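Here's the structure, in structure tokens; my notes come after.
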Protein chains: 4
Amino acid sequence: MRILFMGDVVGRSGRDALTARLPELRATLGAELVVVNGENASHGFGLAPDMARAFFTAGADVITLGNHAWDRKELIPYLETEPRVIRPANFPPGTPGHGAFVAVLADGRRALVVNVMGRLFMDPLDDPFRAVQAELAKHRMGTGGTIQAAVIDVHAEASSEKYAFGHSFDGMVSLVVGTHTHTPSADHQILPGGTAYMTDAGMCGDYDSVIGMQKGGAALRFWRKMPGEKLAPAEGEATLCGVFVETDDATGLARRVEPVRLGGRLSQAMPAA
Amino acid sequence: MRILFMGDVVGRSGRDALTARLPELRATLGAELVVVNGENASHGFGLAPDMARAFFTAGADVITLGNHAWDRKELIPYLETEPRVIRPANFPPGTPGHGAFVAVLADGRRALVVNVMGRLFMDPLDDPFRAVQAELAKHRMGTGGTIQAAVIDVHAEASSEKYAFGHSFDGMVSLVVGTHTHTPSADHQILPGGTAYMTDAGMCGDYDSVIGMQKGGAALRFWRKMPGEKLAPAEGEATLCGVFVETDDATGLARRVEPVRLGGRLSQAMPAA
Amino acid sequence: MRILFMGDVVGRSGRDALTARLPELRATLGAELVVVNGENASHGFGLAPDMARAFFTAGADVITLGNHAWDRKELIPYLETEPRVIRPANFPPGTPGHGAFVAVLADGRRALVVNVMGRLFMDPLDDPFRAVQAELAKHRMGTGGTIQAAVIDVHAEASSEKYAFGHSFDGMVSLVVGTHTHTPSADHQILPGGTAYMTDAGMCGDYDSVIGMQKGGAALRFWRKMPGEKLAPAEGEATLCGVFVETDDATGLARRVEPVRLGGRLSQAMPAA
Amino acid sequence: MRILFMGDVVGRSGRDALTARLPELRATLGAELVVVNGENASHGFGLAPDMARAFFTAGADVITLGNHAWDRKELIPYLETEPRVIRPANFPPGTPGHGAFVAVLADGRRALVVNVMGRLFMDPLDDPFRAVQAELAKHRMGTGGTIQAAVIDVHAEASSEKYAFGHSFDGMVSLVVGTHTHTPSADHQILPGGTAYMTDAGMCGDYDSVIGMQKGGAALRFWRKMPGEKLAPAEGEATLCGVFVETDDATGLARRVEPVRLGGRLSQAMPAA
Ligand SMILES: [Fe+2]
Ligand SMILES: [Fe+2]
Ligand SMILES: [Fe+2]
Ligand SMILES: [Fe+2]
Ligand SMILES: [Fe+2]
Ligand SMILES: [Fe+2]
Ligand SMILES: [Fe+2]
Ligand SMILES: [Fe+2]
């Protein structure tokens, strides 16, 4: 299966770049499953239903979230009707929405996507490792299994926790990819057990910024410890950052993993088709 | 000036790779200033004086540290006699050692190196922004100035704090490079004011690990919240991770910035010579 | 039921005071259930089995722990054989020991004791609120119930989390008492639903100290951000700090709650017998 | 000097109780210096200028703040004109307002009040220990000195940091008192060097609450990790919590220290006049 995962979309700059370029990117890469992290789409804070719809129209199959899941309240009822938008699976029982979704491809193959949030330097949610374990227990991956691929979006701050995720589920899923730092890592690799791994997919946003937000005000916050101007997303051209994985449907494991960086200020990276 | 910065060296695997390959790497790149972050050289925790000497012999000009600065106590007296090893500048007044060093090249050009520690999700040291500002106030960069280049090693957890550093000193220094996450970022760029920036240089260590430490025990720590086996560095072949910058001596600002990833599991990256 | 709860016993000073004075204290108050938090008994870090035995001999019925539960490794096998020593219930499944114990009084009445750890500013364990809820679901409190009293030791840093505990279980348990800050609070009260509450029981240790540890070295840690001398418990006379509660066996709810402060530097407090 | 310090005033309940009862309390105790922490007066978040004026009218001489200093923006210009309202001294240089104030009593005696914020589990401001040290360096305490008393309000989360403060300045100031946890401690004592100490003064607010805020919504935040109703201050009768100290003007050191708890749900405490 050819899987494309795009990191946190930030603000209008990120949304515009994603909706403009995803159709062609999907076609060029022959991507069969496209997952997009949308937690910062709405002015940096949350995701509005119409933005989710625009992402689906542009070619996303599944949208994941993170600590900003609830910033736009309209998303809460929308989650109940739109299972393709998932929030971290390790919120407590009773939380609206779902933490996993099984996408069915046109040809009938199936791919599990799980969103989970780390706890190091973040809000103490339920155990994200056991949450993933519980989702995986519902499936068998590979030929004749209930799924042919599995993607885990680990929305987390600490690189140590993300690597611990990668190794804990190495050989059990297709891809463990981090989000949340808004910084693409250059450590994409296939782990020894066959799982593709990348510490952070990076963001889809303007990199002349402080992780997507206008640099003046965001930097001042570190100098002056006072409330300043409201933070707003930077408005320069976005770099679309993500990762492309090709898996073996027989096992669900990865054959190759390559970064995607398209447009904007960062060095460009495009997998061979 | 041609500047090579290498990220946190972790354990024997990292040390061996660095001392074996730095001489050739320095020659190939024509690097005139080599800075190495050594805070994890000693079994993952701290730096011993003989390791520092080996790094100098292999071609390092300056060694920086971080939150593990004091893990090997022998380093404390050594810092007083070896100014080329610097610890974060924002430790409180009275702390042994120094937070900055001016390296003098063979041809007389001078380069300031400052080490500083972030505070977000880390120990609350003194303000790292004002610490860098104070070091820079002692110098004028460029032709006829007291320095021709300036490198800031921002040892920090949060990508937001690192970007805030980059933008705060954009146009004032040659390079702002992060360390500490042990994960190379793919966001190297020249900021609008002319400063080269990279969120994290990555580590010099084995990437089949949890940020350099053996993956079994390190991952278990996230599953079981109990003291387990001692953490020990992974022993597979290290990837040497860093960043190469070429500056204009007239201004001290960057002309190009490129990542370095050499050996081990990660995708290889080598600047053109 | 007459219940005495004593806060974190710190080091030799705390142990000596507790074992010397608990027999008389128990007798004076007519306490029928005595719970002691022992997580810092061993030089400030953990609890050794022989110390637990000494506490039982002196009159403790149940010993609770906290974040220092595993500092003395000998305790781990001991927990399997001694159910009267409990560790926080919200450690992950598979953790040695148990998080709750039902003490049976001489006359057959039964009291549930649960130990749980907060997560705000602490290690992200499992949800402590649901952990308590799960323990309570196993019992019915009051006349004819499976228990006649229930004590919850909330080992936590933040006063907000402790108050949230108190109110969440108000009317369902006899006492919610905090530990961990080593500072007795003066806010003991019976909440509107009938549960006795006190944010922190305080420690059994020397208060001429930094929360039980020798003040010189402990204070220096805040001034100098370097490894200094090893921390060691202060050795002055301990104040035994705790709380006394009298409940109605018919409901398990509290009739009165009063602080205990005995010996050492703090103002003395002793409930009327 | 007879000094009364009142902890964080929370919302209307706290304000009403303070303004109603402070005149009599001041008179009863013969207090010559009254300091009030006002950081939560305005609906739990910040202090409005008219509330400050009401506190002065009711008998406050100095008002201190904390992490909520800037929640009401109108306070920022007010701080420039009203030096009796102070914010933590360890904000960075350039921050509006001042971190210390010298109150002059009717008979000419002078008392220094310093407000400072801890850093453990809080925003990493400048070093609070050196900030206090710098303020004290401007004065000599005692007969013939520039001040006859000195009060330090340590607005901090961790009891360890507060005790470290107490011991660091023991013998140099009249009183080190903590604020911010909104929980009165029962560990008031005169430290060996003569400084009165109390880990937390407690709040002036309704104790049938989660540290002053309505208990339903505040507790739910720990159960559900979602945005719920807005937090609002609890509206029951406040307990006024604080500490009373009597000093020797010749040395500035403490002769006695006693808690104050007046009204509301908590056990009442009133120093002998
Ligand atoms: Fe996020
Ligand atoms: Fe994000
Ligand atoms: Fe490191
Ligand atoms: Fe580090
Ligand atoms: Fe403790
Ligand atoms: Fe503890
Ligand atoms: Fe506060
Ligand atoms: Fe407060």
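Each residue in the stretch B:194-212 was checked for being more than 12 Å from ligand 3 (Cβ to nearest atom) and assigned to a loop (DSSP other than H, G, I, E, B), and 7 of them qualify.
Is one or more of the residues making up the stretch B:129-148 of a type in the set (Phe, Trp, Tyr) and touching an Asp or Glu at 6+ places or on another chain (Cβ under 8 Å)? No, there is no match, as no residue in the stretch B:129-148 is of a type in the set (Phe, Trp, Tyr) and touching an Asp or Glu at 6+ places or on another chain (Cβ under 8 Å). The conditions of being touching a residue at least 40 places away in the same chain (Cβ under 8 Å) and farther than 26 Å from D:Arg140 by Cα are not met by D:Asn115.
Listed here are the residues, each with its yes/no results for (1) in contact (Cβ under 8 Å) with a residue 12 or more places away in the chain; (2) among the aliphatic types (A, V, I, L, M); (3) more than 24 Å from B:Thr199 (Cβ to Cβ).
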| residue | (1), (2), (3) |
| --- | --- |
| B:Arg2 | yes, no, no |
| B:Asp8 | yes, no, no |
| B:Ser13 | yes, no, no |
| B:Met51 | yes, yes, yes |
| B:Leu65 | yes, yes, no |
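Selection of the stretch B:194-214 for residues being farther than 17 Å from A:Leu191 by Cα and within 8 Å of chain A (Cβ to nearest Cβ) yields B:Thr199, B:Asp200, B:Gly202. Residue check: D:Arg265 meets all listed conditions (1) in contact (Cβ under 8 Å) with a residue 60 or more places away in the chain; (2) touching a strand residue (DSSP E or B) at 6+ places or on another chain (Cβ under 9 Å) but one, namely (1).
Residues checked against (1) at the interface with chain D (Cβ under 9 Å from one of its Cβ atoms); (2) in a loop (DSSP other than H, G, I, E, B):
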{"residue": "C:Phe165", "(1), (2)": "yes, no"}
{"residue": "C:His182", "(1), (2)": "yes, yes"}
{"residue": "C:Asp187", "(1), (2)": "yes, yes"}
{"residue": "C:Pro192", "(1), (2)": "yes, yes"}
{"residue": "C:Gly216", "(1), (2)": "yes, no"}
{"residue": "C:Phe222", "(1), (2)": "yes, no"}
{"residue": "C:Lys230", "(1), (2)": "no, yes"}
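Taking the stretch C:238-262 as the range and being touching a residue at least 60 places away in the same chain (Cβ under 8 Å), in contact with a Lys or Arg (Cβ under 9 Å, 6 or more places away or on another chain) and not hydroxyl-bearing (Ser, Thr, Tyr) as the test, the residues that pass are C:Ala238, C:Leu240, C:Cys241, C:Gly242, C:Phe244, C:Val245, C:Glu246, C:Asp249, C:Leu262.
Residue check: A:Pro92 meets all listed conditions (1) in a loop (DSSP other than H, G, I, E, B); (2) in contact with a Lys or Arg (Cβ under 7 Å, 6 or more places away or on another chain); (3) surrounded by 21 or more Cβ atoms within 10 Å (Cβ to Cβ) but one, namely (3).
Among the conditions (1) closer than 18 Å to D:Arg119 by Cβ; (2) out of contact with any His (no Cβ under 7 Å at 6 or more places or on another chain), B:Lys138 misses just one, which is (1). Only one of the listed residues (A:Glu157, A:Glu258) is away from ligand 8 (no atom under 16 Å from the Cβ) and not in a strand (DSSP E or B). That residue is A:Glu157.
I want to confirm something. Restricting to the stretch C:66-88 and keeping residues that are more than 14 Å from chain B (Cβ to nearest Cβ) and within 14 Å of C:Asp153 (Cβ to Cβ), which single residue is farthest from ligand 5 (Cβ to nearest atom)? Among residues in the stretch C:66-88 that are more than 14 Å from chain B (Cβ to nearest Cβ) and within 14 Å of C:Asp153 (Cβ to Cβ), the one farthest from ligand 5 (Cβ to nearest atom) is C:Arg84.
Just one of the listed residues (C:Gly178, C:Gly228) is away from ligand 8 (no atom under 16 Å from the Cβ), without any contact (Cβ under 8 Å) to a residue 12 or more places away in the chain and in contact with a Lys or Arg (Cβ under 7 Å, 6 or more places away or on another chain), namely C:Gly228.
To keep it simple, each residue is scored yes or no on (1) within 23 Å of B:Asp206 (Cα to Cα); (2) among the small types (Gly, Ala, Ser).
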residue	(1), (2)
B:Val35	yes, no
B:Asn40	yes, no
B:Arg53	yes, no
B:Thr64	yes, no
B:Pro83	no, no
B:Asn90	no, no
B:Ala100	no, yes
B:Ala103	no, yes
B:Gly108	no, yes
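Selection within the stretch A:45-65: residues that are surrounded by fewer than 24 Cβ atoms within 10 Å (Cβ to Cβ) and within 14 Å of another protein chain (Cβ to nearest Cβ). The member of this set that is farthest from ligand 7 (Cβ to nearest atom) is A:Gly46. Here A:Gly7 clears all of (1) more than 16 Å from ligand 2 (Cβ to nearest atom); (2) crowded, with 24+ Cβ neighbours inside 10 Å except the condition numbered (1).
Restricting the stretch D:230-262 to residues that are out of contact with any strand residue (DSSP E or B) (no Cβ under 8 Å at 6 or more places or on another chain) and small (Gly, Ala, Ser) leaves a set whose member that is farthest from D:Gly14 (Cα to Cα) is D:Ala250. Scanning the stretch D:120-163 for residues that are in contact with a strand residue (DSSP E or B) (Cβ under 7 Å, 6 or more places away or on another chain) and within 7 Å of another protein chain (Cβ to nearest Cβ), we see that the one that is farthest from D:Ala100 (Cα to Cα) is D:Ser160. Put simply, of B:Ile190, B:Ile152, B:Ile211 the only residue that is within 16 Å of ligand 4 (Cβ to nearest atom), out of contact with any Gly (no Cβ under 6 Å at 6 or more places or on another chain), closer than 25 Å to B:Ala272 by Cα and not small (Gly, Ala, Ser) is B:Ile152. Within the stretch C:234-253, the set of residues being surrounded by fewer than 24 Cβ atoms within 10 Å (Cβ to Cβ) and not in a loop (DSSP other than H, G, I, E, B) comprises C:Glu246 only.
Of all residues in the stretch C:21-44, those that are surrounded by fewer than 20 Cβ atoms within 10 Å (Cβ to Cβ), away from ligand 5 (no atom under 14 Å from the Cβ) and touching a residue at least 24 places away in the same chain (Cβ under 8 Å) total 5.
Among the candidates C:Ala234, C:Ala201, the residue that is within 16 Å of ligand 5 (Cβ to nearest atom) and over 19 Å from the mean Cα position of the chain (by Cα) is uniquely C:Ala234.
Quick note: the coordinates plus some simple rules give every number you see, no bench work behind them. Given the structure is predicted, the values throughout are model-derived calculations rather than measurements. In this analysis, Cβ positions are derived from the backbone assuming ideal geometry, glycine residues included, and neighbour counts consider all displayed protein chains.
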